[in-house]
Structure formats: structure tokens, C-alpha cells
Amino acid sequence: MKLSSLLFTLIIIFPGVLQAKSPQQVKSAFLFQIAKFIEFPQANNDQAVTFCFYDIEHGIGELLKDNSSLEINNMPIETVLIDKNQQISELSRICDITYIDETMEDDIIPLWIDTISLNTLTVGESINFLEKGGVVSLIQEGNKIRLYINRQQLLRCSFKVQSRLLAVSKFHPN
């Protein structure tokens, strides 16, 4: 039942998901919806929910950038392009959610995981991402996208994840 309500919400917010032609469109909708179920400690109505990407001209970053009029819990969203050479401490101050696609995981995860703020949700695309310390992963299994959560990393974070999101997630390691 909870999964169906999440999917219904996805359809309302992103009607194009019904006609999604790419996994990036579905992952973009998932990423947006995930943010609705996260309570960041410093959140207030004067701020935006900041999504950080290593590419905002293609894929998920582009899709969210093009929908920047969307809001999460009455706060606007902001998409930020980040550079591999930026200081990790700077990024962890400005990013609420950082998406790292599978092609960049091996280069970025070792830098991020050891120095990242516990206020930042890291989202990747593989089980390997979770094993290296990422918090959430959107994994394509056949023609479906599944949400996996690294329970140990989640327990270390200072943000709260609502139980409705946990109910529709798989956990790794079990």
C-alpha cells in the first residue's frame, strides 16, 4: 500500500514518468520524491533543498535543473554543478543531496565518504556504492529501479528518514 502511494505521488509530480523513455527520468523522479521523506537538521523555510550533481547538462541533473520550479515541503529546489576538484568540506556545506552516477563512483567515493558531512545524503547507482559508504542507491534491476539503503551509514547521519520511505526500501547489507 505504501509503495503504491509513493508511485501515485511520482505520477502526480512527474506525469512524464508514465511515458518514461529512460532510466534517468525515473531516477530523477525517485530522487525528487526521496527528498520529500528526508528531514535535514538545518532545514528552514528560507532555504532551498540543494541537489548537487557532477553533470547538470545530461541525465538526472539536467532533468531536475529543468524542473527547478518544484518544491519540497514548501521549499524550492536548487541544482548545483559540482567539480571533482572542489573542496569536499565546501560541498558538504552546500549540498543536501549529492548524486554520484555509476561512472564516477570509483573516483569520488573514496574522497567523499571519509570527509562528508553527516548532514548530506549521498545517492549512487550501485551496490558497490553502498559497500563503499554511500547512503542510498537507485539500482536498475531489469526494467525497474529499486531503492536500496545502507542501514549502517544511515544510522550515522544527522538527518532523519521518514518510515514511509524506509518501508519501500531494500537494505544492504541485509
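When region 140-163 is filtered for residues that are more than 16 Å from the chain's Cα centre (by Cα) and not in a loop (DSSP other than H, G, I, E, B), the ones remaining, listed by number, are 141, 144, 152, 155, 156, 163. Counting residues in region 144-155 that are at pLDDT 90 or above, polar (S, T, N, Q), out of contact with any helix residue (DSSP H, G or I) (no Cβ under 9 Å at 6 or more places or on another chain) and surrounded by fewer than 20 Cβ atoms within 10 Å (Cβ to Cβ) gives one or more. Counting only helices (runs of 4 or more DSSP H) wholly contained in region 1-105, the ones carrying 2 or more residues that are more than 20 Å from residue 143 (Cα to Cα), modelled with pLDDT of 90 or more and not acidic (Asp, Glu) occupy 23-36.
The values are calculated or read from the model by the stated rules, or taken from the named source; none is laboratory data. What you are looking at is a predicted structure, and each value in this text was computed from that prediction instead of being measured. FYI the Cβ positions are ideal-geometry reconstructions off the backbone, even for glycines, and counts take in every protein chain you see.
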